[in-house]
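First the structure, in the form of structure tokens, and then the observations on it.
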Amino acid sequence: MGGAVIRLVSMQEADAIQKAHSASWYVNLIGAVRPAGAEFIFVVFSRGFAHQFDGFLEYTATADGYRLAQVRFKDYAYTRR
């Protein structure tokens with residue numbers, strides 16, 4: 001993502017940005033870390049807050065940290081067409 005700016009914005013800010021720049025992207029990150037591993041979901045929106053895709057990352061715990069166990073994507077932008 002060369003030159004991409006990532007920042008935390010409120011829903012009000014996001015709404016104003018989306019109205020001015022409909023091609024902007026928004027990501028909601030949901031995650032849980034447990035002793036056996038960790039899971040994260042990236043829910044991605046664009047084009048007037050239309051749900052574009054979800055990215056799923058699953059980690060398993062190891063003796064020295066966490067190891068990426070699985071990566072999955074669910075593409076909603078193309079399944080609606």
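How many residues are assigned to a loop (DSSP other than H, G, I, E, B) and charged (D, E, K, R) when one looks only at the stretch 9-62?
1
Please enumerate the residues belonging to the stretch 28-81 that are at pLDDT 85 or above, of a type in the set (A, V, I, L, M) and under 28 Å from residue 11 (Cβ atoms).
29, 30, 32, 33, 38, 41, 43, 44, 57
Can you go through 50, 32, 69 and tell me which one is loosely packed, with under 10 Cβ neighbours inside 10 Å and not aromatic (Phe, Trp, Tyr)?
Of 50, 32, 69, the one residue that is loosely packed, with under 10 Cβ neighbours inside 10 Å and not aromatic (Phe, Trp, Tyr) is 32.
For the list (1) touching a His at 6+ places or on another chain (Cβ under 7 Å); (2) exposed (fewer than 10 other Cβ atoms within 10 Å of the Cβ); (3) among the hydrophobic types (A, V, I, L, M, F, W, C), I need the number of the one condition that residue 45 fails.
(2)
Could you grab the pairs with beta carbons closer than 6 Å, sequence gap of 6+ or different chains, first residue in the stretch 22-42 and in contact (Cβ under 8 Å) with a residue 12 or more places away in the chain, second one surrounded by 15 or more Cβ atoms within 10 Å (Cβ to Cβ) and β-branched (Val, Ile, Thr)?
Close Cβ pairs (under 6 Å, with a partner that is surrounded by 15 or more Cβ atoms within 10 Å (Cβ to Cβ) and β-branched (Val, Ile, Thr)) amount to 27/44; 28/43; 30/41.
The values are calculated or read from the model by the stated rules, or taken from the named source; none is laboratory data. A quick note: this is a predicted structure, and the numbers were derived from the prediction, not measured. Positions of Cβ are generated from backbone atoms using ideal geometry, with glycine treated the same way; all protein chains shown enter the neighbour counts.
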